[in-house]
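This report concerns only the one structure given below.
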Amino acid sequence: RPRVLSGIQPTAGSFHLGNYLGAVRQWVALQETHDAFYMVVDLHAITVPQEPGVLRANTRLAAAQLLAAGLDPDRCTLFVQSHVPEHAQLAWVMNCLTGFGEASRMTQFKDKSAKQGADRTTVGLFTYPVLQVADILLYQAEQVPVGEDQRQHIELTRDLAERFNARFGETFTVPAPYILKETAKIYDLQDPAVKMSKSASTPKGLINLLDEPKATAKKVKSAVTDTDTVIRYDAANKPGVSNLLTIMSTLTGSPVADLEQAYEGKMYGALKTDLAEVMVDFVTPFRDRTQGYLDDPETLDSILAKGAEKARAVAAESLAQAYEKVGFLPAK
Ligand code: AQP
């Protein structure tokens, strides 16, 4: 089975619809066909300030949501990044192979550091993509299921894998991004020119899966569309309606073309009302299942402990190879 790896931050508490449709949904499907490794990336979370107690609670919450979304610990390896120390260890080696200019070109870093200001931006945020390189290479992953915003980081991973292999001999698998065109970028419901995001979206434009279903329905009903009235997919000219059609199509399994036909001659309100119902039907059991996992932290922690053990076995082997190739003296 080909190997896949991906991760999600435990920063925000609830996952948002972009996280789910852009990434987690694919993770669930890929566990059936791939040797899948998925993790809650708590090391990445501390690149911005975190409250220790909140981080700990959100790490469990993220794992609970992944299970609620359909990850099955018998079909995939689910773990917490900080439980596998090899991530930080390989990241150091990769930091020493990454050009300062190369890291400076990462657009996510440029955007986030510009917003925070130089004095509040940490070196951790700067090397975040390099830690991500280590995350992926440790597992010799062939594919990395992510949203479009991660494409540049996967490119960096490819470059560094090739650089390491060229300098020290064949060691790492060069991974490819696994990005589904339709759901690569889910947009903010109030500003469909920007991606739905926990840090950039306004509360009304962001669908958090753990919000009250009623509040979610309200947000869908007040989504921005346009002054035209035709329900048609046209991402360039009708981004708001197109975003709603993408979400509806993915959650129901109906192709966009079928939806366009079904809504021919109808008003935007009809689409929004139906989508609000679909969303409520989706988030209500999701919230219940998440709560179910949270109510039993011992089981949750034991799933994560088993996952970490499986992950470490793979990661330790890759790290040992990398250390040996780099020329570190083996510890006796
Ligand atoms: N709007 C989106 N559309 C499609 N995919 C998305 N992803 C995030 N937003 C969208 C994908 O979700 C996965 C997890 O990303 P993350 O760990 O970076 O989660 P996040 O921090 O909650 O994502 P945000 O909201 O995008 O964070 P900020 O605001 O910090 O930038 C990834 O595969 C990502 O591509």
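Taking the criterion of being of a type in the set (Gly, Ala, Ser) and within 6 Å of the ligand (Cβ to nearest atom), the only residue of the range 7-17 that qualifies is Ala12. Looking only at residues in the range 1-47 that are outside any loop (DSSP other than H, G, I, E, B) and of a type in the set (Lys, Arg), which one is most open to solvent (accessible area, probe 1.4 Å)? Here the residue is Arg25.
Per the listing Val93, Val144, Val130, the residue uniquely open to solvent by less than 30 Å² (accessible area, probe 1.4 Å) and under 16 Å from the mean Cα position of the chain (by Cα) is Val144.
Restricting attention to the range 18-66, the residues that are within 13 Å of the ligand (Cβ to nearest atom), touching a residue at least 40 places away in the same chain (Cβ under 8 Å) and of a type in the set (Gly, Ala, Ser) add up to 4. Of the helices (runs of 4 or more DSSP H) lying entirely inside the range 212-266, those carrying at least 2 residues that are touching a residue at least 40 places away in the same chain (Cβ under 8 Å) and surrounded by 12 or more Cβ atoms within 10 Å (Cβ to Cβ) are 213-221, 239-252. Considering the conditions (1) touching a residue at least 60 places away in the same chain (Cβ under 8 Å); (2) farther than 17 Å from Ser14 by Cα, Lys272 is excluded by exactly one of them, (1). Residues in the range 175-218 that are away from the ligand (no atom under 11 Å from the Cβ) and charged (D, E, K, R): Lys181, Asp191, Lys204, Asp211, Glu212, Lys214, Lys218.
The values are calculated or read from the model by the stated rules, or taken from the named source; none is laboratory data. It should be emphasised that the depicted structure is a prediction, and the values quoted were computed from it without experimental measurement. Positions of Cβ are backbone-derived with ideal geometry, glycine not excepted, and every protein chain shown enters the neighbour counts. What goes into the accessible areas is simple: the full protein's heavy atoms, side chains included, and nothing from ligands, DNA or RNA. Shrake-Rupley method; radii C 1.70, N 1.55, O 1.52, S 1.80 Å.
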